[in-house]
Ligand SMILES: Cc1cc2nc3c(=O)[nH]c(=O)nc-3n(C[C@H](O)[C@H](O)[C@H](O)COP(=O)(O)OP(=O)(O)OC[C@H]3O[C@@H](n4cnc5c(N)ncnc54)[C@H](O)[C@@H]3O)c2cc1C
Ligand SMILES: Cc1cc2nc3c(=O)[nH]c(=O)nc-3n(C[C@H](O)[C@H](O)[C@H](O)COP(=O)(O)OP(=O)(O)OC[C@H]3O[C@@H](n4cnc5c(N)ncnc54)[C@H](O)[C@@H]3O)c2cc1C
Ligand SMILES: Cc1cc2nc3c(=O)[nH]c(=O)nc-3n(C[C@H](O)[C@H](O)[C@H](O)COP(=O)(O)O)c2cc1C
Ligand SMILES: Cc1cc2nc3c(=O)[nH]c(=O)nc-3n(C[C@H](O)[C@H](O)[C@H](O)COP(=O)(O)O)c2cc1C
Ligand code: FES
Ligand code: FES
């Protein structure tokens, strides 16, 4: 890698862009919003994701990191990022103006159920896609009820929302494993008994163990309509590297999460 | 390389430090001053150098770059850096606050001649070490005349000096290859006829072809007292990697420029 | 862009930049980023006769300026490629050359798929075959065919016999010396070689205390390996000046590509870089065009130039 | 720091971090940065019987997260080492172990310098020998001894016969499989192996159109090669669980070191990282100490842990 500094602007590349950060806003323990100006004419749907990487390998960060579109607001693309490892810590450490490669939108978005109640179930930073999803539901499913069921390990980890964000949800149930904020226990526990509700459509995003548990509970309860946003390691995000495989429910083999997902019907996956 | 961001502060490491940039000031085509606060109690002599590198490999820049101490002023260490390749372009692109590894002072400094006239001969960014050298000469060789003979390719490349810097030199002769500023031709041409001057001590720094030509002219003229600051690729800067070799005048083999130099008597080197 | 036009053995390319196997799908995945004919050509994901599911995840790990992969040559198999991919790709590829990359579980499987490629030429408008020999020989206890000269020769010979299409053999760097493998490929009538495939590597997750990849080890690629690919390209060019070479490994910008061309490659393939930077290939083409124009030269004239001022490949390498 | 104390074959080390050969001089160069006994030990620059001037410059080139070197094993020779370096180093090394790294132009030269090391034990308080086999055999047309099993065996056998000091053999990654070389070293009575030395590599200057290094090719080191070293460390540990290993290659921080320990190395050596970050070694020691303390564990318990939950080295490697 011997590109000049500052990096040469990329040629017209469809969905491959170099964008400079507008800002990084902390909103809870290790979690922040990464904000970019929305490129003219560029759109994306709730549940789609972007690959974000340094313009050149930097401090051991080379590959893109996949992030769901978190919110589209004030003509900005916003990504809710939790700093866990090398790359996310690095992203959180950046200042406004920093150039980043932003490739996308990628993947299959949430489809919107024609049901009166939309239950958005978030574990940890799995909260990310639900702001953009809630806005879209408000616009395309007027008069329906949008509920956010949101769990974190502990109070400090809860993402703080401004009034606009909080106002997207008709109901907001917060949970913490340690009971330090909202109801004690996991979101999945909290939902026990409700999963058969014929009026409800379910949208879930969170750590794999939580989604596995929820998928099991839903199978048992016979839940009809559910969509989960899953995670797997990705090198490209657009179907060429074959990294992002999840075992398929029908027979052997895998699905490519970046193409057949990240949003899937939990019944498509062998958990 | 998987160090956390921001990088952990290094343990007490003698001359190995992580310093944050105070500022980068452009002073002519592609040339800038890199400024750092002088670490408490740290000193360095004219002609010594430092290895400056990113805290982690960044955009293809991994190894340290050697830079002479340019000036010590206002409690700052200042390095005059010309952006030529990957690393120097990267350094010039940095903003104040950027953390950098700064290892040094390293190498053998200029010794100060006991002569009435000190002629400092600079080609291009070879000008760098002469500000600190001139200050030292003023302090330790009061009453002597300090002349700067400074050549560049063209006018735009000339480093602009503030009054304090310009005031360090009793005489300043500027040259340009294309005659666009000062006298036309190279410094070495301009010095023709003067090299035998028994009152003068010579200090030279610049590109290898210039120094080779000057060494040749000095040998012919029988110049008695001269010191050159040379360049060679360096990985460590303190004598362990064996990269920085220059052929020795006495017999076969090499000298390590980072230990036996960078300041040498031109007669020590096989040109 | 005739400054960039170059012949790589029997292939004439509008420019010397191709997309590498396994990083470009089957040719129909980059439409959203640029038109196919922005590149001189592309190499398909390795195809076996039968489809392969590949290895259990995780299949990738990040490394300093590189990555590991243990995809396991997951592919849709020859028949589905012919039925589902070839028609569309034939239609959109324009001037860009398509190489079909093939492999098998043992030399005879290579021969059989090569026969199919030959037989299906009317259906798949491919310009040549690239043979991925970096595969364990399942019938021989998993010795890597690309690291074993005997099995390598047998594999190349059979492929050569099976088709009149241009055949390029993609060499593994996981050997003591790549040159004998290149020489063997040439002996067996290959039209050229591709240098290099991935290096063996492993990362370990210090939290789980297990290898990151589901299979333990994988293949190292990306900028980290560029000097290894340039080294072997230079050595093979020095030993076999007339053997066409695709230079591969760590190419991320036009300067990287130029290093391979100067070392003796007629053209290059870009792989990993396109994951993080999908338009890397076309940007390299633009950079080479600019560089050639500024110097009023052509790629043809630049190929192998690093050898001209005196050969440095005859000497043993003293490092340390 | 007894959490960090570890045995590497016959050597007991106060901590598992050593300085690698060629990156630490003769032991007297890092005083300005930290006291010698901050490290578990160090390995000297490779010593030949007679001094060597080394290769013409340029001797280094930068690569992505790494570097190339073609130093050419420049060294002061055994006699000057004994006379000028050993006395000072004996005095300052404290608890840190000193390994003398040796080489020659052919197997018999290795044997002769090993005899000298044995004979001069009273003058040089070294704790063992590391044999750098990655050298061209000048008497055999420059074949690299470390890449040729026959010459490798001859070299190790003679060194083993010449001394009762602990003998570690430093293996080259420029082979199809490192394991047979490790097994050969063990057969011949070596006390352990060091994995890995540098990979072959080249950079070309696109402006001069020539290789950057004066000799053309050199050895690749630094973070770029870490996964290669971890892979071979893991493979050798799996095949030869009782053979002590120094893990080397690309280690820049404590996590990198831990990967090698988990893969099966009893201790690690830090090289290139110390050029840009002279205190890397002591910082790694501090990081490992912290990590062990937080988990109330010891290095001894961590070594090889990546193998425990099931061996992943029996399978052939499917990349791509
Ligand atoms: C479709 C999708 C959408 C996502 N949306 C968000 C989001 O909106 N906000 C958010 O904070 N996180 C999101 N994630 C998870 C996020 O990608 C990981 O947390 C991130 O990649 C971790 O990188 P790291 O450098 O911190 O960890 P490291 O361990 O340093 O990463 C090493 C490698 O592993 C990969 N990796 C590690 N953990 C994960 C993971 N959980 N999923 C995928 N790859 C991983 C990295 O991408 C990188 O390639 C999403 C993941 C996917 C697949
Ligand atoms: C003792 C010493 C003092 C120096 N003082 C100054 C100074 O005060 N101001 C200044 O602008 N420059 C100075 N230089 C030159 C400066 O080190 C190089 O310009 C710089 O290393 C080039 O790095 P790059 O990334 O721009 O070039 P690249 O070509 O990207 O560098 C690639 C590698 O080659 C090395 N390299 C390239 N050119 C040189 C060179 N001329 N000398 C040594 N190594 C080189 C780099 O350090 C790096 O390791 C000095 C050099 C030495 C040896
Ligand atoms: C400049 C340089 C000189 C080296 N000299 C030697 C040497 O003399 N003997 C040796 O066995 N290894 C030598 N090595 C190899 C290192 O000891 C080490 O095996 C290799 O660099 C990989 O480790 P690293 O990535 O931490 O540097 C040298 C490496 C470098 C970079
Ligand atoms: C994820 C991935 C998948 C690959 N799949 C294949 C493959 O199917 N067949 C093949 O011959 N090479 C395959 N390769 C190797 C590349 O074609 C290329 O030789 C190698 O990655 C070095 O080039 P690079 O550094 O530009 O990626 C793959 C590489 C990667 C990273
Ligand atoms: S991430 Fe590359 S195929 Fe899905
Ligand atoms: S720069 Fe390493 S020895 Fe001089």
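What follows is calculated from the coordinates using simple rules that are stated; it is not laboratory data. No experiment lies behind these values; they were computed from the predicted model shown. Virtual Cβ from ideal backbone geometry, glycine too; neighbours counted across all protein chains shown.
Report, in degrees rounded to the nearest 10, the 0 to 90 angle that the Cα long axis of helix A:208-221 makes with the longest principal axis of chain A.
With both axes taken from Cα atoms, the answer is about 30 degrees.
Between residue B:271 and residue B:20, what length comes free when the chain is fully extended (0.36 nm per residue of separation minus the Cα-Cα distance, one decimal in nm)? Mind showing how you got there, number by number?
Values: separation 251, 0.36 × 251 = 90.36 nm, distance 3.85 nm.
Result: 86.5 nm gained on full extension.
Could I have the simple spin-label model distance between residue C:295 and residue A:212, label points 7 Å from Cα toward Cβ, reported in nm to one decimal?
Output for this residue pair reads 5.6 nm.
Put a point 7 Å out from Cα along the line to Cβ at residue B:85; what are the distances to that point in the other copies, in nm, shortest first?
Reported distances to equivalent positions: 3.3 nm.
Determine the shape class of chain A: with a ≥ b ≥ c the square roots of the Cα gyration tensor eigenvalues, call it rounded for a/c under 1.5, and otherwise prolate if a/b is greater than b/c, oblate otherwise.
Since a/c reaches 1.5 and a/b is larger than b/c, the shape of chain A is classed as prolate.
What gaps in nm, shortest first, separate residue C:12 from its twins in the other copies when you place the label 7 Å past Cα toward the beta carbon?
Result for residue C:12, in nm, nearest copy first: 7.6.
Go ahead and set up a Gaussian network model of chain D, Cα springs under 10 Å, then flag whichever of D:276, D:179, D:14 fluctuates most.
So, out of D:276, D:179, D:14, the one fluctuating most is D:276.
Between residue C:53 and residue C:118, what length comes free when the chain is fully extended (0.36 nm per residue of separation minus the Cα-Cα distance, one decimal in nm)? Please report the intermediate quantities before stating the final value.
Details: separation 65, 0.36 × 65 = 23.40 nm, distance 2.50 nm.
Full extension from residue C:53 to residue C:118 adds 20.9 nm.
Report, as an integer, the average count of C-beta atoms from other chains found within 10 Å of each Cβ along D:273-286.
Working: counts 2, 5, 14, 16, 13, 12, 8, 3, 0, 4, 6, 0, 1, 2.
So the per-residue partner count for this stretch is 6.
Averaged across the residues of D:228-234, what count of C-beta atoms belonging to other chains lies within 10 Å of each residue's C-beta?
6
Per-residue ellipticity at 222 nm for the protein assembly as shown, helices alone: DSSP H runs ≥ 4 residues times -39500 (n - 2.57), over residue total, nearest 500 deg cm²/dmol?
On the way: 32 runs with 280 residues, N = 1182.
That calculation yields -6500 deg cm²/dmol at 222 nm.
Take the Cβ-Cβ distance between residue B:177 and residue C:311 as r, set R0 to 45 Å, and report the resulting FRET efficiency rounded to the nearest 0.05. Intermediate results must be reported in sequence, preceding the final value.
On the way: r = 35 Å, r/R0 = 0.79.
Taking R0 as 45 Å, the efficiency between residue B:177 and residue C:311 is 0.80.
I want to check the label-to-label distance for residue D:208 and residue A:145. Put each point 7 Å from Cα in the C-beta direction and report it in nm to one decimal.
The answer from the label model is 7.6 nm.
Relative contact order (percent) for segment C:13-156, with alpha-carbon contacts under 8 angstrom and 6 or more residues of separation?
Numbers: 253 pairs, mean separation 31.7, N = 144.
That works out to 22 percent.
Looking only at C:157, C:32, C:237, which one moves most when chain C is put into a Gaussian network model with springs between Cα atoms under 10 Å?
C:32
Quick one: if the Förster radius is 35 Å, what FRET efficiency do residue C:90 and residue A:249 give, using the C-beta to C-beta distance and rounding to 0.05? Mind showing how you got there, number by number?
Working: r = 34 Å, r/R0 = 0.98.
The pair residue C:90/residue A:249 has a calculated efficiency of 0.55.
Can you list, shortest first and in nm, the gaps between the label point of residue A:219 and those of its counterparts in the other copies, using a point 7 Å from Cα in the C-beta direction?
8.5
Grab the residue from chain A whose Cβ hugs the A-to-B rotation axis most tightly, plus its distance in whole angstrom.
Residue plus distance in Å, as requested: A:58, 3.
Please say if segment C:201-320 is rounded, prolate or oblate, where rounded means a/c under 1.5 for a ≥ b ≥ c the square roots of the C-alpha gyration tensor eigenvalues, and otherwise the choice is prolate for a/b larger than b/c and oblate otherwise?
Values: a/c = 2.90, a/b = 1.48, b/c = 1.96.
Since a/c reaches 1.5 but b/c is at least a/b, the shape of segment C:201-320 is classed as oblate.
Would you please put A:250-258, D:87-95, C:206-214 in order of how densely packed they are, using the mean number of other Cβ atoms within 10 angstrom per residue and starting with the highest? It would help to have the intermediate numbers written out before the result.
Working: A:250-258: 17.2, D:87-95: 14.4, C:206-214: 18.9.
My ranking of the peptides, most packed first, is C:206-214, A:250-258, D:87-95.
Can you tell me the order of B:42-49, B:205-212, C:23-30 when each peptide is scored by its average per-residue count of other Cβ atoms within 10 angstrom, highest first? Before the final figure, lay out each step's value.
Working: B:42-49: 20.4, B:205-212: 18.8, C:23-30: 23.4.
So the peptides B:42-49, B:205-212, C:23-30, ranked by packing, come out C:23-30, B:42-49, B:205-212.
What list do you get for C:315, D:289, D:283, B:75 if you sort them by fewest beta carbons within 10 Å? Each step should come with its number before you reach the end.
Numbers: C:315 13, D:289 16, D:283 25, B:75 8.
Fewest to most other Cβ atoms nearby, the residues stand as B:75, C:315, D:289, D:283.
Suppose R0 equals 25 Å. What FRET efficiency, 1/(1 + (r/R0)^6) with r the Cβ-Cβ distance, do residue D:164 and residue D:79 give to the nearest 0.05? Let's see the in-between values first.
Details: r = 22 Å, r/R0 = 0.88.
Calculated transfer efficiency: 0.70.
In what sequence, highest mean first, do A:239-248, A:90-99, D:183-192 appear when ranked by Cβ atoms within 10 angstrom?
A:239-248, D:183-192, A:90-99
Please compute, for peptide B:58-70, the average count of beta-carbon atoms on other protein chains lying within 10 Å of each residue's beta-carbon.
Details: counts 9, 14, 17, 8, 16, 10, 3, 1, 0, 0, 0, 0, 0.
Partner Cβ neighbours, averaged per residue: 6.
Using Cβ counts within 10 Å as a stand-in for footprinting exposure, how do C:295, A:181, D:255 rank, fewest first?
C:295, A:181, D:255
Between segment B:81-98 and segment D:226-284, what is the C-alpha centre distance in whole Å?
Segment B:81-98 and segment D:226-284 have Cα centres separated by 32 Å.
Test of understanding: extend the Cα→C-beta vector of residue B:74 to 7 Å, then name every residue of segment B:108-139 with backbone N under 12 Å from that spot.
none
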